[in-house]
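Encoded as structure tokens, the structure appears first; notes follow it.
Derivation of every value follows stated rules applied to the coordinates shown; laboratory data play no part. Predicted model, so just to flag it, every value in this text is computed and none were measured. Cβ atoms come from the backbone with ideal geometry, glycine included; neighbour counts cover every protein chain shown.
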Amino acid sequence: MYLVVPMEERHIPGILEIEKLSFHTPWSKEAFYQELKNHFAFYLVALDKDKVVGYIGSWIILDECHITNVAVHPQYRRLGIAKNLIKILKDTVKIKGVTGITLEVRVSNHSAQNLYKSLGFLEYGIRKGYYTDNNEDAVIMWLKI
């Protein structure tokens with residue numbers, strides 16, 4: 001069982017651990033501290049007691065939400081945490097007047113694409129060379145609320 005709460009400064013060390021375990025080019029500690037100050041940013045974390053086991057980050061601009069990152073600790077994957085984080089984000093931003101959610105996902109990340117499709121996201125295009133670590137393309141996906 002886990003609890004989903006808004007991100008706070010105390011969650012950043014756990015988020016950084018997940019970042020390092022999940023991504024080729026993880027975000028820095030400074031980047032997450034800046035997100036706490038960013039009035040467009042909206043982050044949620046999933047906690048197992050006090051341990052951060054997953055998180056989702058987004059920016060809300062006018063009536064659109066852009067998911068910047070989603071990750072779950074490897075020991076907690078395949079438990080529905082990412083799916084629930086996205087659902088809670090969707091329900092929360094809908095209350096704030098958001099009518100659509102977008103994200104980019106690596107063309108090679110089929111498991112993430114399948115997760116997003118299972119939640120109603122549709123493919124809307126490709127961003128060529130989007131990922132700077134290996135110049136991989138990104139699939140642009142949208143969910144209309």
| message | Within the stretch 3-144, count lysine pairs with alpha carbon atoms under 14 angstrom apart where the residues are 8 or more positions apart or belong to different chains. | response | 8
| note | Using the Kirkwood formula on alpha carbons, the hydrodynamic radius of the stretch 11-134 in angstrom works out to 15.2
| said: Taking R0 as 30 Å, what FRET efficiency do you get between Arg78 and Phe40 from their Cβ-Cβ distance, rounded to the nearest 0.05? | reply: 0.45
| Calculated FRET efficiency, His24 and Leu122, Cβ-Cβ r, R0 22 Å, to nearest 0.05? | 0.25
| said: Please compute the length gained on full extension between Asn109 and Ile95, using 0.36 nm multiplied by the number of residues separating them and subtracting their Cα-Cα distance. | reply: 2.0 nm
| request: Arrange the following residues from fewest to most other Cβ atoms within 10 Å of their Cβ: Thr68, Thr25. | output: Thr25, Thr68
